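Here's the structure, in structure tokens; my notes come after.
Every read-out reported here was derived from the displayed coordinates using simple, explicitly stated rules and does not represent laboratory data. These numbers come from a predicted model, not from an experiment. As a convention, Cβ positions derive from the backbone with ideal geometry for all residues, glycine included, and neighbour counts pool all protein chains shown.
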């Protein structure tokens with residue numbers, strides 16, 4: 001396998017000009033998402049043209065990776081990848097809307113392969129053993145090791161062979177249109193902006209008053225600003241559990257040096273005093289805005305509300321058991337368990353039970369109707385029969 005490491009702008013421009021004349025290339029990214037540094041960072045882009053693997057270094061000084069983006073947006077050139085969802089979100093967050101993709105993992109799932117990794121797909125479908133050693137590497141750190149570069153290259157060099165092997169079977173089973181529908185839906189994926197509140201879970205508000213919850217959200221936003229400024233992941237800046245404690249009680253400031261696990265530059269008496277002042281200011285702002293220091297931010301449901309919630313949940317479960325699981329079982333009997341779960345998994349069944357058909361692709365609609373007829377399920381009783389649309 002030939003590989004070329006691209007870390008200069010003129011080399012990237014030549015590669016971009018060359019690939020603009022091709023019909024397809026395989027692609028994969030190595031990225032860091034708030035693990036070793038702040039933000040969602042493209043660390044490597046691996047591109048394979050069928051003969052050479054080009055390893056593009058977006059972090060190389062003077063290299064502008066956006067030079068490559070017109071190729072990603074060109075609908076005439078097919079981009080073959082595996083589990084492209086996060087890669088597409090990263091491209092989108094950088095202002096690039098990728099077009100004409102082919103996600104090999106979708107094809108494998110429709111053909112009843114389990115939710116397998118690329119390494120396992122290569123082994124099971126092509127019978128080739130590849131490296132697994134650098135999956136959790138620090139892709140931000142330079143220089144990269146030979147092991148990392150070899151692992152990165154292996155992520156793309158077998159994608160054409162995988163696609164061709166799977167597509168032959170898809171064609172025999174008249175399933176090519178299904179992949180095309182999935183492709184169009186996947187291309188619509190959008191980036192999800194990282195924000196401070198994404199680190200909070202609904203249960204984090206349990207037991208918090210309205211004022212305390214306001215303070216906590218403010219502290220999480222402050223932590224996010226510090227993380228961005230220091231280019232470090234938020235969890236390395238200040239400990240979340242400590243901020244939960246501090247938001248509830250100013251006295252927790254006494255254990256700052258023991259529990260906060262701050263960046264070294266913040267582990268000072270001066271910053272400790274500044275943090276306490278910020279907490280007190282947030283609390284004053286909350287009270288001025290009319291928030292309560294006694295009422296809960298997430299009040300417990302009344303008994304009537306609890307009964308209603310249990311009734312809704314019971315109805316949802318009964319609907320799934322009565323109407324949808326028989327259809328899923330019929331799909332399993334004819335297409336295999338993994339394909340059936342991919343086509344009609346728990347999430348889709350919950351959506352259908354609630355009357356939500358917004359994410360239902362037409363090929364899935366047709367399969368559900370077909371297997372409803374086979375199992376004697378009357379979808380009109382569920383309110384999702386096709387003639388009701």
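Quick notes on this structure:
- Distance from the Cα centroid of segment 17-96 to that of segment 312-368 is 35 Å (rounded to whole angstrom).
- Where both bridge residues fall in the chain, DSSP classifies roughly 55% of the beta bridges as antiparallel.
- Relative contact order (%) - segment 196-288, alpha-carbon pairs under 8 angstrom, separation at least six: 31
- DSSP-defined antiparallel bridges as percent of all bridges, segment 2-187, nearest 5: 50
- Separation in nanometres of the label points that stand 7 Å from Cα toward Cβ, at residue 281 and residue 380: 6.6
- FRET E, pair residue 273, residue 301, Förster distance 41 Å, beta-carbon r, rounded to 0.05: 0.50
- Ordering of 277-285, 214-222 by packing [mean C-beta count within 10 Å, highest first]: 214-222, 277-285
- Calculated FRET efficiency for the pair residue 263/residue 171, C-beta based, R₀ 51 Å, to 0.05: 0.35
- Inter-label distance for residue 221 and residue 361, nm, one decimal - labels placed 7 Å from Cα along Cα-to-Cβ: 4.0
- Taking every DSSP beta bridge that has both ends in segment 8-116, the antiparallel portion is near 65%.
- Options [x] 79, 44, 43; [y] 69, 63, 33; [z] 57, 51, 48 - which one matches Cα extents along the principal axes in Å as calculated here: [y]
- The label point for residue 250 and the one for residue 311, both projected 7 Å from the Cα toward the Cβ, are 4.7 nm apart.
- Pairwise FRET efficiency - residue 321 versus residue 347, Cβ, R0 = 22 Å, nearest 0.05: 0.85
- Based on Cα contacts under 8 Å between residues 6+ apart, the chain shows a relative contact order of 15 percent.
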